[in-house]
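Chemist: Pasting a structure here, questions to come.
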Amino acid sequence: MATQEDPTSVDETMIARLGLDKGHIIQEFGYDEDVDKDLRVGIEEATGEPIVFEDYGDVTDGALVWFRQGDEDLADLLMDAQSLLDDGASMWVLTPKKGISGHVEPRVVGESASLAGLHATSTFVVGDSWSATQLVEKGRSK
């Protein structure tokens with residue numbers, strides 16, 4: 001969490017926007033060396049649980065999907081990511097911000113979400129290089 005001693009930590013307000021609670025299990029897709037490691041640490045601190053990877057085989061309370069221009073099909077990835085989500089759980093698609101290598105246009109996220117039966121409820125900046133778009137099941141808003 002952001003402190004004077006550790007200015008690179010993730011802002012608690014931003015973590016709160018993710019709607020995480022203690023004990024939540026968050027599954028991660030598209031991990032690579034460019035992910036926001038401070039965000040990951042903030043999520044683990046907020047939930048008290050380690051982030052689990054794509055091969056996790058149980059129900060989860062949320063999903064992080066890191067996606068960059070040039071990655072495989074986002075709609076397919078979103079369908080995979082929601083396969084273990086608990087009812088009512090949210091998913092966040094993290095894409096490089098405009099001007100950052102791998103930037104993805106918001107319409108691509110929206111179109112892919114729609115194909116996967118999801119819709120975007122909000123988008124906000126995460127760290128220096130990423131934007132997060134929250135996706136929920138169609139017909140539900142958060």
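The values are calculated or read from the model by the stated rules, or taken from the named source; none is laboratory data. Values in this document were obtained by computation on a predicted structure and should not be read as measured data. Every residue, glycine as well, gets a Cβ built from its backbone with ideal geometry; the counts of neighbours run over all protein chains shown.
Chemist: Given (1) closer than 12 Å to Ala132 by Cα; (2) in contact with a helix residue (DSSP H, G or I) (Cβ under 9 Å, 6 or more places away or on another chain); (3) among the polar types (S, T, N, Q), where does Ser114 come up short, assuming only one miss?
Modeler: Here Ser114 meets the rest and fails (1).
Chemist: While we're looking at this one, here's another question. If you check Asp86 against the conditions, is it surrounded by fewer than 15 Cβ atoms within 10 Å (Cβ to Cβ) and of a type in the set (Asp, Glu)?
Modeler: Values: surrounded by fewer than 15 Cβ atoms within 10 Å (Cβ to Cβ): yes; of a type in the set (Asp, Glu): yes.
In short, yes.
Chemist: Hey, another quick one. Identify the residue in region 89-120 that is hydroxyl-bearing (Ser, Thr, Tyr) and over 13 Å from the mean Cα position of the chain (by Cα) and, among all such residues, is surrounded by the most Cβ atoms within 10 Å (Cβ to Cβ).
Modeler: Ser112
Chemist: What helices (runs of 4 or more DSSP H), lying completely within region 27-142, carry at least 3 residues that are in contact (Cβ under 8 Å) with a residue 40 or more places away in the chain and within 20 Å of Ala16 (Cα to Cα)?
Modeler: Counting at least 3 such residues, we get 37-47.
Chemist: While we're looking at this one, here's another question. Can we say Gly102 is at pLDDT 90 or above, touching a Gly at 6+ places or on another chain (Cβ under 9 Å) and on the phi > 0 side of the Ramachandran plot?
Modeler: Details: at pLDDT 90 or above: yes; touching a Gly at 6+ places or on another chain (Cβ under 9 Å): yes; on the phi > 0 side of the Ramachandran plot: yes.
Taking the combined requirement at face value, the residue satisfies it.
Chemist: If you don't mind, there's one more thing I want to ask. Looking at this structure, is Ser112 modelled with pLDDT under 95 and among the polar types (S, T, N, Q)?
Modeler: Working: modelled with pLDDT under 95: no; among the polar types (S, T, N, Q): yes.
No.
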